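Input: a single structure, listed below in structure tokens.
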């Protein structure tokens with residue numbers, strides 16, 4: 001009886017121990033950071049801006065897509081290796097900066113253990129000094145727009161929006177109310193004011209999240225100000 | 001000894017068997033050989049029929065669900081609610097890369113070219129049909145993927161270990177369109193003329209297809225300017241703006257040649273214009289308008305279930321129906337008889353409801369195509385009136401409704417239970433009920449039994465019809481600056497729909513062109529391609545949850561969610577309006593998200609397997 005128990009236990013532990021032989025190790029190194037312009041995070045909408053990591057040397061090619069969070073941060077669990085990081089053209093409300101090391105927009109990433117790396121990009125516009133005030137159920141946002149890329153590559157503002165949502169995800173898809181101002185009535189450097197009246201929210205909550213979005217003409221992804229929690 | 005002699009006899013028998021070549025070298029009984037096929041006209045016809053059948057299509061009567069992917073319809077079916085809940089369209093959606101089929105068509109063309117036992121006239125027709133099918137497949141590919149490798153002969157691997165010589169790069173988008181146009185021009189003379197043949201290629205079809213192909217190329221060239229990032233440096237995606245006028249001219253010329261040939265005419269057999277429009281799609285006897293169809297036949301195995309899956313529940317011949325519900329977005333797009341647009345008003349200026357004696361009264365005085373396309377509350381189908389009403393509305397605004405078809409409840413002040421909802425719904429979350437308040441009418445068979453699973457329908461699927469050709473001509477003429485001509489062609493189509501006040505030159509705008517195609521060609525599989533070529537898709541389906549537009553005649557109004565319009569019976573015993581109908585605009589409960597067509601959706605993704613097998617293939621734009 002005792003012998004049988006020992007055999008059964010032995011077999012089970014043998015099974016468990018062999019799992020280590022049968023499986024590959026999971027990726028163990030974390031690459032994380034932010035998309036920044038001069039140290040300031042680029043805020044975007046969720047699931048919309050991605051960049052690619054390529055690991056050369058394999059027979060078949062396939063990229064690892066990393067998506068950027070609302071606040072411009074990203075994170076990916078990876079194997080230690082040498083990667084090439086590429087932000088595809090037409091991706092994001094910015095353009096890539098030529099990398100000194102590669103002479104192109106490709107960034108070489110040597111991953112050995114965890115790594116924090118901010119990616120410097122050049123946005124077409126930045127939303128400056130966003131501020132939100134509340135009176136009753138009206139949320140008022142004031143901000144200024146700064147044009148970063150000027151000259152031949154400059155683009156126009158298509159529109160600016162104030163978005164208000166009941167959750168932390170705030171953009172053109174996720175909002176309970178939004179107000180819009182055409183780009184033609186926005187002047188760089190002067191204060192722009194947008195006001196939205198928050199409708200009744202079920203279940204009732206006494207706070208909302210708000211931020212300003214700016215759509216650049218000819219660019220699919222919008223640039224935003226950070227999400228701010230506003231108490232009603 | 002005896003054993004040995006038996007063995008010997010067996011060996012001799014086996015040996016004989018081997019000697020006789022005819023014994024083992026038998027002709028197969030399950031497949032036909034090349035020689036057999038290419039000597040017999042009817043066998044070649046079966047081969048070409050199979051190829052006709054395999055050309056890819058999107059949005060047909062054999063797949064009702066695809067019509068619910070955008071803003072034309074609501075999918076009233078448990079397994080399809082996700083269409084209204086998901087947000088982005090996948091980059092791989094609508095993609096196609098069936099080079100296996102192209103190889104088969106190329107083999108067909110090659111073998112047909114060397115066949116010597118066929119009558120020369122038959123051979124020329126088969127050859128032309130093969131090339132038509134190939135052009136058609138390339139048209140389907142270029143609509144979806146942009147420029148694709150143009151393979152016009154069958155390629156064979158030599159097993160040398162290096163298949164790289166078989167790799168071909170993508171042609172430019174314009175080159176693929178030019179190839180299709182060239183092929184159509186070359187084969188036209190070998191095809192029969194006249195409107196008698198409908199399920200095979202004819203000269204009329206060549207002209208109709210040419211007008212559509214040229215129009216697509218032209219509008220991509222012109223409206224591509226609105227989406228500068230939807231291009232590739234090599235021209236695989238995007239057409240130069242300077243080519244637009246040339247394509248528009250060709251589109252107009254092809255359409256006019258067909259119109260002036262007199263071989264086809266608009267379908268005008270019925271007095272009632274709505275009935276006439278509905279009949280256009282189901283009348284298979286001497287239909288003067290249909291140019292190219294996919295035909296079906298009862299009791300042959302080739303039938304379809306469009307009527308079965310979409311029949312009104314109140315008169316369903318089987319235990320299903322009611323799946324595709326046209327949206328209010330579409331229904332409100334049908335204009336009034338004085339050529340103006342108006343949304344349906346359901347309330348008076350003082351905020352009170354407007355009371356209608358009959359639910360159909362809300363929809364009177366509209367384009368006759370409305371009732372030919374959509375079954376409205378109070379419409380008649382198969383001789384019986386539909387029963388669409390969502391419940392009783394009391395004087396204080398409360399609603400009494402049921403949660404099943406024809407549910408019964410006792411109304412206040414009464415003692416016996418009675419019906420509180422129609423046998424067609426609308427009931428939120430109840431599949432097969434008219435959750436938008438409407439059922440689809442186009443292509444719905446009137447034959448008894450067409451709603452039974454064991455019978456189904458033999459109504460054909462019209463791929464090309466003269467009505468579209470008129471609109472192609474109108475659009476091309478408009479884009480070429482000839483608004484008078486555009487108005488003439490558009491008025492011919494509109495007159496058939498009861499819009500007898502002709503549009504003038506000044507009325508013709510881009511919005512008009514877009515709108516006319518929307519109402520004339522709803523549920524005919526044009527919407528996605530039209531929105532893509534006008535580069536309107538990312539504007540109209542932009543992912544924002546906006547209210548229903550109040551300007552249905554405008555081309556670029558956002559329409560990301562499906563809306564509905566529900567009738568209620570007003571219950572106010574003794575009151576003046578008791579028993580009348582009121583309407584409420586609703587958004588079906590299953591519609592939880594807004595459609596978003598991203599720039600990367602304009603050309604479907606060529607997946608990484610294809611790109612790894614052939615590194616010459618460049619990726620479509622905006623998909624990383």
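Derivation of every value follows stated rules applied to the coordinates shown; laboratory data play no part. In this text the structure is predicted, and so the values were computed from the model without any measurement. Using ideal geometry, Cβ is built from the backbone for each residue, glycine included, and neighbour counts are taken over all protein chains shown.
Structural remarks
- Taken as Cα centroids, the stretch B:536-607 and the stretch B:337-362 sit 17 Å apart, rounded to the nearest whole angstrom.
- Ellipsoid semi-axes in whole angstrom, largest first, where each is sqrt(5λ) of the Cα gyration tensor of the stretch A:1-148: 45, 24, 11
- Alpha-carbon Debye profile of the protein assembly as shown, log10 I(q)/I(0) at 0.07, 0.08, 0.10, 0.11 Å⁻¹: -0.69, -0.87, -1.24, -1.39
- Kirkwood hydrodynamic radius over Cα pairs of the stretch B:236-316, then Stokes diffusion coefficient at 20 °C and 1.002 mPa s, in µm²/s: 127
- 5 Å-binned pair-distance histogram of the stretch A:125-231 (Cα, whole percent): 2, 13, 25, 25, 16, 10, 5, 2, 1, 0
- Multiplying each eigenvalue of the alpha-carbon gyration tensor of the stretch B:152-266 by 5 and taking the square root yields semi-axes of 31, 24, 9 Å, largest first, rounded to whole angstroms.
- Beta bridges per DSSP, both residues in the protein assembly as shown: antiparallel share near 90 percent.
- Distant alpha-carbon pairs in the stretch B:454-581 (separation over 16 angstrom), percent: 72
- P(r) tail fraction, the stretch A:13-59 - alpha-carbon pairs more than 14 Å apart, %: 75
- Compared with the dominant Cα axis of chain B, that is its longest principal axis, helix B:466-479 is turned about 80°.
- Kirkwood hydrodynamic radius of the stretch B:95-178, Cα pairs, Å: 14.1
- Principal-axis analysis of the Cα atoms of chain A puts helix A:2-22 at an angle of about 50° to the longest axis.
- In a fully extended conformation the segment linking residue B:300 and residue B:616 would gain 109.2 nm over its present Cα-Cα distance, using 0.36 nm per residue.
- Label-to-label distance, nm, for residues given as residue A:231 and residue B:40 (7 Å Cα→Cβ offset): 8.8
- Within a Gaussian network of chain A (alpha carbon springs, distance under 10 Å), most fluctuating of A:53, A:111, A:31: A:111
- Chain B - percent relative contact order, Cα under 8 Å, separation 6 or more: 19
- Our summary gives the stretch A:125-231 a relative contact order of 32 percent, counting only alpha carbon pairs under 8 angstrom and 6 or more residues apart.
- Descending by average beta-carbon neighbour count within 10 Å, the peptides B:321-328, A:211-218, B:147-154, B:39-46 line up as B:321-328, A:211-218, B:147-154, B:39-46, the highest first.
- Volume of the convex hull of the stretch B:275-428 (Cα atoms only), normalised per residue: 164 Å³.
- Note on the stretch B:251-290: percent of Cα-Cα distances in each 10 Å bin, starting at 0 and stopping at the bin with the largest distance, equals 29, 41, 28, 2.
- With Cα atoms defining each centre, the stretch B:190-252 and the stretch A:140-198 are spaced 40 Å apart in the structure.
- Beta-bridge orientation, chain B: approximately 85 percent antiparallel, per DSSP, counting only bridges with both partners inside.
- Distances between every pair of Cα atoms in chain B, grouped in 20 Å steps from 0 to the bin holding the largest one, split as 18, 48, 25, 7, 2, 0 percent.
- Kirkwood hydrodynamic radius over Cα pairs of the stretch B:522-597, then Stokes diffusion coefficient at 37 °C and 0.692 mPa s, in µm²/s: 220
- Inter-centroid distance (Cα atoms) of the stretch B:70-143 relative to the stretch A:7-68, Å: 39
- Radius ratio Rg over Rh of the stretch B:413-453, counting only Cα atoms, Kirkwood formula for Rh: 1.14
- Dividing the mean sequence gap of close Cα pairs (under 8 Å, 6+ apart) by how many residues chain A holds gives a relative contact order of 19 percent.
- Projected label distance in nm at residue A:105 and residue B:501, using a 7 Å step from Cα toward the beta-carbon: 5.3
- Axis angle, to the nearest 10 degrees, between helix B:510-520 and the longest C-alpha principal axis of chain B: 80 degrees.
- Sorting A:61-71, B:217-227 by their mean Cβ neighbour count within 10 Å, with the most densely packed peptide first, gives B:217-227, A:61-71.
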